[in-house]
Every structure is written in structure tokens, then in C-alpha cells.
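The values are calculated or read from the model by the stated rules, or taken from the named source; none is laboratory data. All values derive from a computational prediction rather than experimental measurement. Methodologically, a virtual Cβ is constructed for each residue, glycine included, from the backbone with ideal geometry; neighbour enumeration extends over all protein chains shown.
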Amino acid sequence: MEPISDPPFRSFYKKLFDNHSINGSSAKCNEIEALHETKECEFELPLIDLSRLNQDGFSSEDCKREIAEAAQEWGFFQVVNHGVSSEILEKMRCEQMKVFKKPFQEKVSGLREFDFLAGSYRWGTPSATCLRQLAWSEAFHVPLSTEISSMAGVTGFSITMKEYAKIVSDLAEKLAEILAEKLGQKPGFFKENCLPSMCYIRMSRYPFCPISPQVFGLMPHTDSDFLTILHQDHIGGLQLLKNGKWIAVKPKQETLIIIIGDLFQAWSNDVYKSVEHRVVANKHFERFSIAYFLCPSKETVIESCGESSTYRRFSFGEFRQQVQDDVKRFGHKVGLPRFLPSMNHINP
């Protein structure tokens, strides 16, 4: 029996479980499974010490070069000495654990003591057509346009989140401008187009899953923003796809993970890579993570900063709407291939 705080995965998605038991995965899900059930490998992700950015001369330039090379080769890298203290990371973890332990019905209807979380709760995969498309997780997806600590019912949680959001917003902008600089672009694009109020924080919980590995904690996907700053707990489960093989991203204390998103890949004309990643479900332990997404306004036009463009021009609003439409229609995201000039009518 599921704890009172957990989403009712088994009862709500009973039809998917029944279909899986009777017929196995559908043809489409078998297709997805074949693509993603490659053997997991272990590699060390690039680890970059950002304290070198404060040094003069070659050390600072070497650090910037390493950031750009990691974004180009991996699309993922880890950073230390990033300016987010271990104290605030631990406070955020403790506060979000308290919120997720609230009864499920309270999370769905809105937690009275946390006004800034109203309407942000998500769980499962409403568009899932088979068990392999079900995400065994729950999350609060909080737009930072919400004035977190000025609303009624100010709490230690809201104050902590506001402090955390300010620090990671500054870090995201700094990293994005470095990546733009290494492409030969003038500074200012991200400062002007990715205001903190346009960005999001997603707090996620992955309950222990008795039927792992039949479902994912989070399906294979790419991020739809410019870049993501992720902090995961000690449980692990995050994997990225490189050269056709899944690589486990092992947790490291006080380390943040930087993930290049679709918008940066398009804007850089495929120089930087938006890499597919997933979270595997865990049979024995729950997992917590918190992600910050660097996003522009819906009206911001994304076009290649190079001379010739791989992708047609599109607005962030158009991109996001297309992703939502594809997920609703096919059960999964299509993403950047939709915006190749010759692929406007792609039919996955």
C-alpha cells in the first residue's frame, strides 16, 4: 500500500499496469525501450573548479575554455566552488523533504502555508500511453515570476528558496555568458533575455519504486531551456546518454551539475550539445533533487549565432508549445528535430 504522502501511481494508472501485464509493452513502447536499454557505463564527468574564474590571467581563461569544451563534448559537467554554500543546499533539501511528506491530497489542492507553491504540483505522466512512459516521480515546478517571500504566510522555506534562487540565477547567467563569449559573441544576451523572473525551479522527489526497472523515475529527455543547474542528493539515479551508452552521474558532495539545454544547442548552431538524460527508479530508496532552468521570455527569438543556421528561427513560446503538443500526441518529446528546415512535418 502506498504511503499517504505518495501519488497513487498504481490506482490512477491501473489501465497501463493491466495492459502491461496482459500484453506486455505496446509496439511504440518496445521501440522506445530498444532505444534506451543500452548498457550503463561509468565515466567521470568533467569537474570544473569555478574559483579559478576569480583569478587573473591563464587560470581564468583555462577555466572558461574547460567550460566550453565540456558543453561541446559532453553537454554535461560538474562544478565546485560555485558560490552556493553547503548550508543553503542542506536547508533547501530539508525544506523540500518536509513539503513532499505532506499528504498527497494537500499537495494536489495546494498547501495553505506555502502560497508560492500554489498550482505548481506535478506527478506521474498524464500523457503516458504505456508503462514505459510513466514517470515514477512528483515535483513542484515553481515559476520565479512568483514573488516568493512577499506573499502571505512567509516561512523559512520561502526565504530559503528566494536566497537559493538569487544565487543560482547569478551563476546561470555567468556560465551562459562565458559560453557565449567562447562562441565569439558580445556579452549581454542572457542578461537581457533571461531575467530571473522568467526562470523556474523544479523540486523533485522520486519515491522508492517496487516495480523498477519497469518504469523510469523520469523518462529519457533533453531539457528545453538554455541550461539547467541541478543539485542531486546522495542516492543517485541520474544518467546521460553518450555515444549510445548510458553513463551514471554519481553524486558528489557540494557539487552542482550543469546541463546544456535545447535552446543553447540551437543558438550555438550545434556547437554545444543538449544531451538526452533520464532518472532510473530505485527499488529501495527515495531520491530528491532541485533544478534551476535558465529560460528566456516566450517572445524571445532563438536563432543561430553563426553564419549559417541548422535550425529555422523560432520563439521560445513556439518551441514550448510544440513540445507540449508532441507530448500530448505521441507520449514523448520530439524537440529540436521539429525545427530543422526540412522537418517541419516530422511524424515520430
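In the stretch 292-343, which residue that is within 22 Å of the chain's Cα centre (by Cα) and among the aliphatic types (A, V, I, L, M) is surrounded by the most Cβ atoms within 10 Å (Cβ to Cβ)? Ranking the candidates gives Leu294 first.
Restricting attention to the stretch 324-339, the residues being assigned to a helix (DSSP H, G or I) and more than 13 Å from Ile302 (Cβ to Cβ) number 8.
Report, by residue number, each residue of the stretch 283-310 that is within 20 Å of Phe140 (Cβ to Cβ) and part of a loop (DSSP other than H, G, I, E, B).
Residues of the stretch 283-310 that are within 20 Å of Phe140 (Cβ to Cβ), as a first pass: 286-295.
Once the filter is applied, which keeps residues that are within 20 Å of Phe140 (Cβ to Cβ) and part of a loop (DSSP other than H, G, I, E, B), the stretch 283-310 yields Glu286, Cys295.
When the test is whether a residue is farther than 24 Å from His20 by Cβ and within 14 Å of the chain's Cα centre (by Cα), Thr228 passes it. As a summary of the residue check, Glu37 satisfies the conditions (1) at pLDDT below 90; (2) acidic (Asp, Glu); (3) closer than 30 Å to Lys102 by Cα except for the one numbered (3). So which residues in the stretch 186-211 are closer than 29 Å to Ser304 by Cβ and of a type in the set (Phe, Trp, Tyr)? Residues satisfying the conditions are Phe189, Phe190, Tyr200. From the list Ser224, Ser145, the lone residue that is touching a residue at least 12 places away in the same chain (Cβ under 8 Å) and surrounded by fewer than 16 Cβ atoms within 10 Å (Cβ to Cβ) is Ser145.
If you go through the stretch 108-123, how many residues are within 21 Å of the chain's Cα centre (by Cα) and either polar (S, T, N, Q) or surrounded by 14 or more Cβ atoms within 10 Å (Cβ to Cβ) (or both)?
So the first thing to find is which residues in the stretch 108-123 are within 21 Å of the chain's Cα centre (by Cα), and the list is 116-123.
Adding the requirement that they be either polar (S, T, N, Q) or surrounded by 14 or more Cβ atoms within 10 Å (Cβ to Cβ) (or both) leaves 116-118, 120-123.
Total meeting the criteria: 7.
Report yes if Lys273 is in contact with a helix residue (DSSP H, G or I) (Cβ under 9 Å, 6 or more places away or on another chain), assigned to a loop (DSSP other than H, G, I, E, B) and surrounded by fewer than 23 Cβ atoms within 10 Å (Cβ to Cβ), otherwise no. Considered against the rule, which asks whether it is in contact with a helix residue (DSSP H, G or I) (Cβ under 9 Å, 6 or more places away or on another chain), assigned to a loop (DSSP other than H, G, I, E, B) and surrounded by fewer than 23 Cβ atoms within 10 Å (Cβ to Cβ), Lys273 comes out as yes. In this structure, Ser212 does satisfy being in contact (Cβ under 8 Å) with a residue 60 or more places away in the chain, farther than 20 Å from Gly335 by Cβ and surrounded by fewer than 21 Cβ atoms within 10 Å (Cβ to Cβ).
Can you tell me which residues in the stretch 279-314 are out of contact with any helix residue (DSSP H, G or I) (no Cβ under 7 Å at 6 or more places or on another chain) and either aromatic (Phe, Trp, Tyr) or within 30 Å of Lys98 (Cα to Cα) (or both)?
The initial filter retains those residues of the stretch 279-314 that are out of contact with any helix residue (DSSP H, G or I) (no Cβ under 7 Å at 6 or more places or on another chain), namely 279-287, 289, 291, 293, 301, 303, 306-310, 313.
Result: Val279, Val280, Ala281, Asn282, Lys283, His284, Phe285, Glu286, Arg287, Ser289, Ala291, Phe293.
From the residues in the stretch 247-270 that are crowded, with 21+ Cβ neighbours inside 10 Å and assigned to a strand (DSSP E or B), which one is nearest to the chain's Cα centre (by Cα)? Per the criteria, the residue is Ile259.
If the requirement is being at pLDDT below 95 and more than 28 Å from Ala165 (Cα to Cα), which of these qualifies: Val249, Val327? Spell out how you get there, then give the answer.
On the way: Val249 fails: more than 28 Å from Ala165 (Cα to Cα).
Checking each option against the conditions leaves just Val327.
Screening the stretch 1-30 for residues that are in a helix (DSSP H, G or I), hydrophobic (A, V, I, L, M, F, W, C) and surrounded by 11 or more Cβ atoms within 10 Å (Cβ to Cβ) and picking the one that is modelled with the lowest pLDDT gives Cys29.
Taking the stretch 154-192 as the range and being at pLDDT 95 or above and of a type in the set (S, T, N, Q) as the test, only Ser169 passes.
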